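The values are calculated or read from the model by the stated rules, or taken from the named source; none is laboratory data. Bear in mind the structure is a predicted one, so any value in this text is a computation, not a measurement. Note: ideal-geometry Cβ built from the backbone for every residue, glycine included; neighbour counts use all protein chains shown.
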Amino acid sequence: MYDIFLSYSTQDRERLMPLVSALEQQGWSVFWDHRSIPVGGDWHDMIGDAIRECRCVIVAWSTHSVDSKWVREEALEGRARSVLFPILLDDIPQPFGFKIIQSANFTRWNQRADHPEFLKLDTEIRRVLVHQLPPQQSTVAEPSPQRLPISTPPQISYKRLWGSGLAAIAVAVAAVLMVKQPPTALTPQPIVPQTPTVAVTTPPKPTIPPLLKQFAFEPDMLPISGGTFLMGCASARDEVEGGCFADEKPAREVTVADFKAGKYEITVGQYLACVKAGACHPPKPAPAYLGLGETVSDENYPIVGVSWDNAQQYTHWLSKETGKHYRLLTEAEWEYAARAGTETAYPWGNGLIAGQANCTRDFCRDTFAHAAPVGSFTANPFGLQDMHGNVWEWVQDNTDKGKQRVVRGGSWANRPGALRSAARHQHPPQHQHYLVGFRVASSG
């Protein structure tokens, strides 16, 4: 079952790619026929099943789609179920029978998720879909992951670390976050798995030891030797799983100096040490945390619900406490580290391999309903883990004259295309989201 069925004219496909990407960044799964139907699938049957089973329908009215009988029929299905969300791509009247339904005006959309019309659409979808959830829906049990023998993820003893003041913070955070059910959680349903593009051999496990650290709350850091690589979307390398977006192009040669990168994403335990010290704001409770349970409270899961500004607070505190210079990775460093010397869309190849990453539904064939504990997946050739999937990672760079900050890597709620090494997205620096965390770097 998909959250959203997108009804549109094929002539508008390129125009709608940013919309699909923006919706998926919010955690929604989108049925988009040209990529959701596998090779050999019956278009008529699969589209019929998808629109009947989806939780809502977005119809994109344009000069092309208003004359399509297929789009009208799909819109009628959404209207009959009272889950139709029309958007206007062109300044045109809606077809007869749909004029009484208010449309979101996307004629001047800037392709950003903070645009007022996109925010209104997302809010209305969230409001309607939350009410569809049954009151006592159970969550999918998460088996304990197999830990790799490369190194052990950071373990922090709350009894030693916190004291009475931190215990109060921990109780408050856990009480807010550990509630019953996320607004986008779904009753498990059969889905159509996406056929992997290429099956390649997994690279051998690296044996790069983490650098020595002085304090229990310090992240494990690995040395990364600098070099020159082709950054961004190169068509022959990166056009897989739905292809590249405009902001990934053009590909260009970039040189990075030696640096150190966190082996894992910063964990709940590591971040709450900064909260206890009074140097970091607590992660933001939000309705989207409902039902995520240990994903947002267990010390060995990646911290989420933190903004770019919060990540800056953390790196400043960590630098002061340790006497070392910690910071976020630059965007170039992040992609260089994610590619790890490979010439493919993912460090393991150009297609999906079971157990390599954590993403939505069964596309990655992982065993986690939400985020996974850090270190749950095979390290890349540089020794870094969870660079692809799990949670988005803030990087240092900005876009749009500093109004937006970049996130990389994709998350457990995204489809495989968002996990490509070239894929990128952006949010305002104050943005806090249950799919976004960060990892750190250091120089010298």
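Structure values in brief
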| quantity | calculated |
| --- | --- |
| Within the stretch 84-102, tally of residues that are crowded, with 18+ Cβ neighbours inside 10 Å and over 13 Å from LEU6 (Cβ atoms) | 2 |
| Complete set of residues in the stretch 124-150 that are modelled with pLDDT under 85, not hydrophobic (A, V, I, L, M, F, W, C) and not in a loop (DSSP other than H, G, I, E, B) | ARG126, ARG127 |
| Flag for ASP397 being farther than 25 Å from GLY293 by Cα and either among the β-branched types (Val, Ile, Thr) or surrounded by fewer than 24 Cβ atoms within 10 Å (Cβ to Cβ) (or both) | yes |
| Test for GLN385: is it free of Cβ contacts under 8 Å to residues at least 24 places away in the same chain and either in contact with a Cys (Cβ under 6 Å, 6 or more places away or on another chain) or within 28 Å of GLY227 (Cβ to Cβ) (or both) | no |
| Complete set of residues in the stretch 265-280 that are surrounded by 21 or more Cβ atoms within 10 Å (Cβ to Cβ) and hydrophobic (A, V, I, L, M, F, W, C) | ILE266, VAL268, LEU272, ALA273, CYS274, VAL275, CYS280 |
| Condition check for LYS260: basic (Lys, Arg) and closer than 30 Å to ASN350 by Cβ | yes |
| Candidates ALA340, ALA345, ALA354 - the one that is at pLDDT 90 or above, surrounded by fewer than 23 Cβ atoms within 10 Å (Cβ to Cβ), over 16 Å from the mean Cα position of the chain (by Cα) and not polar (S, T, N, Q) | ALA340 |
| Selection count, the stretch 71-94, where residues are free of Cβ contacts under 8 Å to residues at least 60 places away in the same chain, under 23 Å from ALA50 (Cα atoms) and not aliphatic (A, V, I, L, M) | 8 |
| All positions within the stretch 399-435 that are in contact with a helix residue (DSSP H, G or I) (Cβ under 9 Å, 6 or more places away or on another chain) and outside any loop (DSSP other than H, G, I, E, B) | THR399, ARG405, VAL406, VAL407, ARG408, GLY417, ALA418, ARG424, HIS425, GLN426, HIS427 |
| Hits in the stretch 388-398 (condition: more than 15 Å from GLU248 (Cα to Cα) and either in contact with a Lys or Arg (Cβ under 9 Å, 6 or more places away or on another chain) or not in a loop (DSSP other than H, G, I, E, B) (or both)) | HIS388, GLY389, TRP392, GLU393, TRP394, VAL395, GLN396 |
| Qualifying residue in the stretch 303-311 (condition: out of contact with any Leu (no Cβ under 6 Å at 6 or more places or on another chain), surrounded by fewer than 23 Cβ atoms within 10 Å (Cβ to Cβ) and without any contact (Cβ under 8 Å) to a residue 60 or more places away in the chain) | no |
| Pairs, first surrounded by fewer than 11 Cβ atoms within 10 Å (Cβ to Cβ) in the stretch 249-264, second among the β-branched types (Val, Ile, Thr), C-beta under 8 Å, six or more apart | GLU253/THR228 |
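Rundown of residues vs (1) among the polar types (S, T, N, Q); (2) in the same structural domain as LEU222 (by TED's automatic domain parsing); (3) under 20 Å from ASP258 (Cβ atoms), yes/no style:
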{"position": "GLU321", "(1), (2), (3)": "no, yes, no"}
{"position": "GLU333", "(1), (2), (3)": "no, yes, yes"}
{"position": "ALA337", "(1), (2), (3)": "no, yes, yes"}
{"position": "GLY341", "(1), (2), (3)": "no, yes, yes"}
{"position": "THR344", "(1), (2), (3)": "yes, yes, no"}
{"position": "TRP348", "(1), (2), (3)": "no, yes, no"}
{"position": "ALA354", "(1), (2), (3)": "no, yes, no"}
